[in-house]
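Participant: Have a look at this one.
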Amino acid sequence: MIALFRLARRLSETDRTAFLRGLALMVTVLVMGVALLGLSGWFVTAAAAAGVAGVGVGFDFFRPSAGVRFLALGRAMARYGERLLTHDATLRALAGMRSAVYAGITRLPHEVQSRLRGAEALNRITSDIDALDGLMLRLVLPISAALAGLAAGTLAVWFLVTPAAAIALALIYALGGTLILAVTARIAHRPAAAAEAGLQSLRAASLDLMRNRADLAVAGALDRLTGVALEAVNAEETARNRLDDIERQSSSALSLTVGLAAAATLYLGGTAAEAGLISPARAAIGFFVALALAESLGALRRGLAEWGRMQGAAERVLRLTDTPPRPEPAVVPLPLPEKPLLNVTDLRHRRAGAQRDSFGPVSFTLARAETLLITGPSGVGKSTLLATLAGLTAPVSGQILLSGVPLADWSEELLRSWLTLVPQRSALMAGTVAENLSLALPEGQPLDEDLLWKVLEAVDLASTLRAREGLATQLGPHGSGLSGGQAKRLALARAVLRRPKVLMLDEPTEGLDAPTAKATLAGIRALLPDTGIIFVSHRSPDADLADRVLHLAE
Ligand SMILES: Nc1ncnc2c1ncn2[C@@H]1O[C@H](COP(=O)(O)OP(=O)(O)OP(=O)(O)O)[C@@H](O)[C@H]1O
């Protein structure tokens, strides 16, 4: 509930004027609707009464019928303006919220980001934000307009019919409407949340299916996992059917409330007319106003049925938009060129909840222009050591000095310009080779094709690409369209383009034959003569490519 309030405030703050104008038009639509039915009711009754009394010739048909036309047309125009204003403001506010979610994700600690699955992030940015489009349009604005409309209708009935009819109208609408809508919101909460959860698991299952379909087909698991996706479809459909039932039931209950309010105002107005306190035509106004106010409740029905969906989405979205800024050191100390590039002392790492250390204690130094090979059995913590050195995960003890300055004292921006890591499974994107390479360059820097070819030569990939469409060679998702070894070398080329002072490579020679591996590492070294290079490898011939070897033991 608090999350919904906070989010509604944030959305409305993006363009308060547009939302206020939209609300004013929404109230105008309601009030004009109430006036239209009230006037029509009065007109029909008064005209009939004039006919019965035989004074029809003197009855003024023109002004009331002009009023009816004005209200009908004005209402349509106000509705059009209201839709334009509120939908435009809502869509702009949601677009801003999407950017805020993106920004929040990028501020998350690296470890949390690496656990955030692609499908999950996609759900936050699309499904959750979409769920919130009803918050202003189907809840906040209609509730405010309904209250204003009820107040206006009650006042009109008070002065034109009788105070008793006005009180009955306000009480029945306020109590009946609140009760029905509250019950609707309550019983719809669970199915609405289940429908949203079903939709989100369907997206996640579909993405997994599409991404891994070849592996799943080979493992004979494609049908089973398609079954899991279909279960999500069924769960979503069952929850939606339940929501439809609830909406229908609440619709019937609201019709009863409207009927009761109309009957009460008709009875009280009729009694007053019988007593000669008001004319029968004025008594009819109460009845028609009660009918016209039904519109205000109807608009809320759907919003309240979606309450559960919006609430969960609001909580998840706020968790991301409110991600605290990354801690940046207050004073950035200057690197000390006389110190070793890296000085690592008694470094130990353990994941939260793990029974034993991922690695450590480890101590070593890395000089400028030095190449260090890290070896060790699978699972001993080589990749985790590289991630720790790159500042992507924090050690439990020990120290890392980069050019004499503790790693934690480096600003994120400076650290990334000094130090680059190419992980085991490096992310290439769908797009051209040039687009993939340019990710390494500062934003807006023009592409220097000669430089790109130079790094591609260094990783022994230039001749392969020249035989295709060169830098314009198109890659599919995750770099598909290149062999595993070629994709790896393209990722290496991208890292070299950044010209880091420390370059860390996780299994750079995996998937390469011995001569290509040798040529690639030699090419990188030739382009980056002063860089300290750390690389992880299982292959014993790779020891010849390093100045020193650090063996991690279990
Ligand atoms: N995200 C993770 N969550 C929990 N444990 C993890 C995670 N990633 C790795 N581990 C565990 O941490 C330990 C070290 O993993 P790491 O990937 O660093 O080993 P490695 O030496 O690089 O292995 P390999 O040579 O097979 O790549 C392993 O026991 C692994 O199971």
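The values are calculated or read from the model by the stated rules, or taken from the named source; none is laboratory data. Quick caveat, the model's predicted, so the values are computed rather than measured. Neighbour counts are summed over all protein chains in view; Cβ atoms, including those assigned to glycine, are modelled from backbone coordinates with ideal geometry. The area values use the complete protein model at the heavy-atom level, side chains included, leaving out ligands, DNA and RNA. Shrake-Rupley method; radii C 1.70, N 1.55, O 1.52, S 1.80 Å.
Participant: Taking the options 460, 448, name whichever one is open to solvent by 60 Å² or more (accessible area, probe 1.4 Å), on the phi > 0 side of the Ramachandran plot and modelled with pLDDT under 90.
Facilitator: Going through 460, 448 in turn, the sole match is 460.
Participant: Another question, if that's okay. Answer yes if at least one residue in segment 319-330 is closer than 26 Å to residue 500 by Cα and either within 16 Å of the ligand (Cβ to nearest atom) or touching a strand residue (DSSP E or B) at 6+ places or on another chain (Cβ under 7 Å) (or both), and no otherwise.
Facilitator: Looking only at segment 319-330, we keep the residues that are closer than 26 Å to residue 500 by Cα, and these are 325-330.
Among the residues that remain, those that are also either within 16 Å of the ligand (Cβ to nearest atom) or touching a strand residue (DSSP E or B) at 6+ places or on another chain (Cβ under 7 Å) (or both) are: none.
No, because not a single residue in segment 319-330 is closer than 26 Å to residue 500 by Cα and either within 16 Å of the ligand (Cβ to nearest atom) or touching a strand residue (DSSP E or B) at 6+ places or on another chain (Cβ under 7 Å) (or both).
Participant: Okay, moving on. Given the conditions (1) buried (at least 20 other Cβ atoms within 10 Å of the Cβ); (2) assigned to a loop (DSSP other than H, G, I, E, B); (3) within 16 Å of the ligand (Cβ to nearest atom); (4) not acidic (Asp, Glu), which single one is not true for residue 504?
Facilitator: Of the numbered conditions (1) buried (at least 20 other Cβ atoms within 10 Å of the Cβ); (2) assigned to a loop (DSSP other than H, G, I, E, B); (3) within 16 Å of the ligand (Cβ to nearest atom); (4) not acidic (Asp, Glu), the odd one out for residue 504 is (2).
Participant: Additional query: Right, residue 60: surrounded by fewer than 14 Cβ atoms within 10 Å (Cβ to Cβ), in contact (Cβ under 8 Å) with a residue 40 or more places away in the chain and farther than 30 Å from residue 383 by Cβ or not?
Facilitator: Taking the combined requirement at face value, the residue does not satisfy it.
Participant: Hey, another quick one. Quick test for you: out of 391, 360, 379, 398, pick the one residue that is surrounded by fewer than 16 Cβ atoms within 10 Å (Cβ to Cβ) and not acidic (Asp, Glu). Spell out the reasoning first.
Facilitator: Details: 391 fails: surrounded by fewer than 16 Cβ atoms within 10 Å (Cβ to Cβ); 360 fails: surrounded by fewer than 16 Cβ atoms within 10 Å (Cβ to Cβ); 398 fails: surrounded by fewer than 16 Cβ atoms within 10 Å (Cβ to Cβ).
Going through 391, 360, 379, 398 in turn, just one is surrounded by fewer than 16 Cβ atoms within 10 Å (Cβ to Cβ) and not acidic (Asp, Glu): 379.
Participant: Give segment 349-374 a look and list any residue that's within 9 Å of the ligand (Cβ to nearest atom) and of a type in the set (Ser, Thr, Tyr), or say none.
Facilitator: 358
Participant: Is it true that residue 496 is at pLDDT 90 or above, surrounded by fewer than 22 Cβ atoms within 10 Å (Cβ to Cβ) and on the phi < 0 side of the Ramachandran plot?
Facilitator: It is false that residue 496 is at pLDDT 90 or above, surrounded by fewer than 22 Cβ atoms within 10 Å (Cβ to Cβ) and on the phi < 0 side of the Ramachandran plot.
Participant: Out of contact with any Asp or Glu (no Cβ under 8 Å at 6 or more places or on another chain), assigned by TED's automatic domain parsing to the domain that holds residue 117 and assigned to a helix (DSSP H, G or I): is that true of residue 239 in this structure?
Facilitator: For residue 239, the condition - out of contact with any Asp or Glu (no Cβ under 8 Å at 6 or more places or on another chain), assigned by TED's automatic domain parsing to the domain that holds residue 117 and assigned to a helix (DSSP H, G or I) - is met.
Participant: Under 8 Å by Cβ, and 6 or more places apart or on different chains, what pairs join a residue from segment 103-114 that is closer than 13 Å to residue 327 by Cα with one that is within 12 Å of the ligand (Cβ to nearest atom) and among the hydroxyl-bearing types (Ser, Thr, Tyr)?
Facilitator: Partner pairs satisfying both residue conditions: 110/393.
Participant: Starting from segment 217-228, keep only residues that are within 21 Å of residue 203 (Cβ to Cβ), then list their pairs with residues that are open to solvent by less than 60 Å² (accessible area, probe 1.4 Å) whose Cβ atoms are within a distance under 8 Å, requiring at least 6 positions of separation or different chains.
Facilitator: 222/209; 222/216; 225/205; 225/208; 225/209; 225/216; 226/209; 228/205
Participant: Checking residue 468 against (1) within 16 Å of the ligand (Cβ to nearest atom); (2) part of a loop (DSSP other than H, G, I, E, B); (3) open to solvent by 40 Å² or more (accessible area, probe 1.4 Å), only one condition comes out false. Which one?
Facilitator: (1)
Participant: So, one more: Identify the residue in segment 523-554 that is assigned to a strand (DSSP E or B) and open to solvent by 70 Å² or more (accessible area, probe 1.4 Å) and, among all such residues, is farthest from the ligand (Cβ to nearest atom). Steps first, answer last, please.
Facilitator: Start the filter on segment 523-554 by keeping residues that are assigned to a strand (DSSP E or B), which leaves 532-536, 548-551.
Retained after the next criterion (residues that are open to solvent by 70 Å² or more (accessible area, probe 1.4 Å)): 548-549, 551.
Values: 548: 18, 549: 15, 551: 12 Å.
Result: 548.
Participant: Residues to consider are 14, 45, 28; find the one that is surrounded by fewer than 20 Cβ atoms within 10 Å (Cβ to Cβ), in contact (Cβ under 8 Å) with a residue 40 or more places away in the chain and among the β-branched types (Val, Ile, Thr). Reasoning before the result, please.
Facilitator: Values: 45 fails: surrounded by fewer than 20 Cβ atoms within 10 Å (Cβ to Cβ); 28 fails: surrounded by fewer than 20 Cβ atoms within 10 Å (Cβ to Cβ).
After ruling out the rest, the residue left standing is 14.
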